[in-house]
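Have a look at the structure below, then the notes.
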Amino acid sequence: MGIQIALAGNPNCGKTTLFNALTGSSQHVGNWPGVTVEKKEGRLRGHADVTVQDLPGVYSLSPYTLEEVVARDYLVGEKPDAILNIVDASNLERNLYLTTQLLELGVPVVVALNMMDVVRKQGGVIDVAGLSRALGCPVVEISALRGEHCVQAAEEAIRAAQAGQAAKPQRFDDALEDTLGQIEALVSPCCPPAQARWYAVKYFERDSRAKLDGLTDAVQAKIEAVIVSAEDAADDDAESLVTNARYVRAAVLARAAGRPAGQHRLTVSDRIDRIVTSRVFGFPIFAAIMFLVYYISISTVGTMMTDWVNDVLFGELIPPAVEGFLVSVGCADWLQSLVLDGVIGGVGAVLGFLPQMMVLFLLLAFLEDCGYMVRIAFLMDRLFRRFGLSGKSFIPMLIGMGCGVPGIMATRTIENERDRRMTAITTTFIPCGAKLPIIALIAGALFDGAWWVSPSAYFVGVAAIICTGIILKKTALFAGDPAPFVMELPPYHLPTVKSLLIHMWERAAAFVKKAGTVIFLACAAIWFLQSFNFRLEMVNAGESMLAAIGGVLAPVFAPLGWGDWRAAVAALTGLVAKENVVGTFGVLFGFAEVAEDGAEFWGTMAQVFTAASAYSYLIFNLLCAPCFAAIGAVRRELGGKWTLIAVGYQCLFAYAVALCIYQYGTFAVTRAFTPGLAAALVVTAAFVWLLVRPAKRPERKLQRAAAAE
Amino acid sequence: MPLSFAQPGQTGVIRRITGRDEARRHLENLGFVAGEQVTVISELNGSLILQLRDGRVALDRALAARILVA
Amino acid sequence: MNLATFLVLAALAAAAGLAVRSIRKKKKSGGCSGCCGSCRGCH
């Protein structure tokens, strides 16, 4: 007979950190049945019979959002033995608003006061004993980030669970209490006594999801009469009455904790926000930061280490050593080729970019942990709104900078179906971690490490999103007003070195693991296909199965400047994992040679691409369909039909952009007017028309008025 | 006055939020209730970053226009 | 094929088998391709 402790609290209050601290690696992550909200539960460390259930972060237990419904259904239906309510001490009143609701559930409650360090740094003090008295339940100070007192909080919750004493609801003003008392009398015959208060409040609010069996129509009518008379007396609707009463109560509780309301200091965080979100500096700062992130990781710090890994590790050390070994034991030539040219050539090419990946992810982790990322969403909202989108759509894209799969899953939180579709289609335009080796390879091998190549990959992605947004919003399918944007902004804080290193390490480990599995298998397969022809005889690459397959595909890409079968095949392997583009290049181009010098394959590549075709290749791979894992995620979110549309659009868009890049780039050099250039001009004209044509809505006047502001 | 017209540094007391939809309920759950003070931290063409009690909330211009303050 | 070739091939095959198993396991636990740097737990 185990004990179930539920973790409840606002979003951003440190709940997840606490959950991780309490359960360590014994977590089990899944989905709440029937819905797409994540369900996390785990065993409390050191207690075999205590389970910790992490509930979604919610501001309230109303029946409106999916997270709230999931949380409340669990709390009311499955009744945990105790609730551990994490409260962000630096945001007391809003957090206590939820607490007043948790106290009505008839379950023992323990409050864990988190982020006390932030409060202390702001010079504030919390009277924990006073708060505990006012709440009528135990309050434990914790710092989830530092792991302080987390275990104590859990043990307090266990004690509360064992004592089995339900928490006492807060008292509101007399008039409201009187009304609630009347309703409680009417509903209590039909519900467990501990939950009578909860149901009384829910019925008063006309909560659509709180239904008790056994309430006759006559009783319901009486309840309605009570509600209406209270609303008339207060000249306000029932829900607002309760919301107001809760906040009044929260203010009282905050005062009991020694935090007088109405403190309006401008914090350092606010001062930073003044600048970072200002009309003048906001976007330039954002552009500069993203530029630096990509520039630093790919073109400076990262390059030095990557050069070493490619030239030394995979150039002078490993291949000769392995070759020496294989020759000395008398291994067959073909197998030597598989190991050296196939596996080591391919996987080595990808692993060579590990240093750059790590630096990039370190920088991105810093930006996210310090709180700047949400400010970017705010900036983007301002920009997106002009085109009918909301900044809410940008959050998945921020996540997509790491990996597109969770980014696409994050589109679930967008309620507006059209916006959700559009976001799912465009999220993968932002370069994900797996595309990084492609960017770095082309920047390094074909542009000699030019400073502008890697940041441009990011900005082209953003531009692609914006253009797609504009174009799609003008079609009947996607037209509509932008969704409202409401976002809580946590204060800036300096991330701990430990958390940054953990992020970086996790990322690096995942990358190496992927290299050792997916990429390893793909490179072996590619090696096989390009070493044998259809009769399974060993041949030169140019006569192999792969060349035959690639030869069919390649002409399609000739107008883009890279009609070479090797480039086409590499792009195709990107569907399995984007890193494979690099891995395949490593196998196909390295093979040609004297490959003792890792950089040799970069040299071979350089012969096949011009600057224009190289950049065209880069952009095509960045914008075209994502890897199968991401496509699968899109399918789970949008369904089969829209997935096809999404992938089709992405490939078409990528093709069009790459075509123009190559044709204009080549024209700039050769000044020759070719059919290809003509095609590019037509495509550009069509693109521009799609962007500027009037929207399909009659409210053109409103749009012009809005644009004029 | 709708909040979207407030300038950085200005403080107002919330009178009411127009409309009866989900967005309004969400705002109320976040603490935008009548009688509460709200201060503008930053403004970007009508979109606002607000100080509400101890927290900071970002809103788009349309939503800010629905919050009437004095 | 001589012994060395056979052994090297066997080693490669074993590695490939492990790789496939690892991919299968990952697929079951939820579509995460493991390339998250910003893993807030996929939500």
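One residue stands out among those in segment A:561-581 that are over 15 Å from residue A:522 (Cβ atoms) and under 32 Å from the mean Cα position of the chain (by Cα): the one that is surrounded by the most Cβ atoms within 10 Å (Cβ to Cβ), which is A:567. Between A:271, A:255, the distinction of being at pLDDT 85 or above, within 11 Å of chain B (Cβ to nearest Cβ) and in a helix (DSSP H, G or I) belongs to A:271 only. Does residue B:14 qualify as being β-branched (Val, Ile, Thr), assigned to a strand (DSSP E or B) and in contact (Cβ under 8 Å) with a residue 40 or more places away in the chain? Criteria met by residue B:14. Among A:166, A:160, which is the only one that is in contact with a strand residue (DSSP E or B) (Cβ under 8 Å, 6 or more places away or on another chain) and within 30 Å of residue A:52 (Cβ to Cβ)? Residue meeting the stated conditions: A:160.
Screening A:704, A:635 for residues that are part of a helix (DSSP H, G or I) and at pLDDT 90 or above leaves exactly one candidate, A:635. Please tell me if residue A:210 is surrounded by fewer than 22 Cβ atoms within 10 Å (Cβ to Cβ) and either in a helix (DSSP H, G or I) or more than 39 Å from the chain's Cα centre (by Cα) (or both). Judged against the criteria, residue A:210 is not a match.
Can you name the residue in segment A:134-148 that is in contact with a strand residue (DSSP E or B) (Cβ under 6 Å, 6 or more places away or on another chain) and in a loop (DSSP other than H, G, I, E, B) and, of all such residues, is surrounded by the fewest Cβ atoms within 10 Å (Cβ to Cβ)? Filtering first and then ranking leaves A:138. When A:157, A:129, A:134 are checked against the criterion of being closer than 19 Å to residue A:21 by Cβ and among the hydrophobic types (A, V, I, L, M, F, W, C), a single residue qualifies: A:157.
Going by the conditions given, is residue A:268 of a type outside the set (Gly, Ala, Ser), in contact with a Leu (Cβ under 8 Å, 6 or more places away or on another chain) and outside the structural domain of residue A:380 (by TED's automatic domain parsing)? So residue A:268 does not fit the description; no. When segment B:13-35 is filtered for residues that are in contact with a Phe, Trp or Tyr (Cβ under 8 Å, 6 or more places away or on another chain) and at the interface with chain A (Cβ under 7 Å from one of its Cβ atoms), the ones remaining, listed by number, are B:22, B:25, B:26, B:29, B:30, B:31, B:33.
When the criteria are applied in full, residue A:172 fails the requirement of being closer than 26 Å to residue B:27 by Cβ, in contact with a helix residue (DSSP H, G or I) (Cβ under 9 Å, 6 or more places away or on another chain) and more than 14 Å from every other protein chain (Cβ to nearest Cβ).
When the residues of segment B:43-67 are filtered to those that are in contact with a Ser or Thr (Cβ under 7 Å, 6 or more places away or on another chain) and among the basic types (Lys, Arg), the one that is farthest from the other protein chains (Cβ to nearest Cβ) is B:66.
Name the residue that is farthest from residue C:14 (Cα to Cα), counting only residues in segment A:300-354 that are away from chain C (no Cβ under 12 Å) and outside any helix (DSSP H, G or I). Per the criteria, the residue is A:353.
Number of residues in segment A:34-75 that are away from chain B (no Cβ under 14 Å) and not in a loop (DSSP other than H, G, I, E, B) equals 15.
The values are calculated or read from the model by the stated rules, or taken from the named source; none is laboratory data. Because the structure is a prediction, the values reported are computed rather than measured. Every residue, glycine as well, gets a Cβ built from its backbone with ideal geometry; the counts of neighbours run over all protein chains shown.
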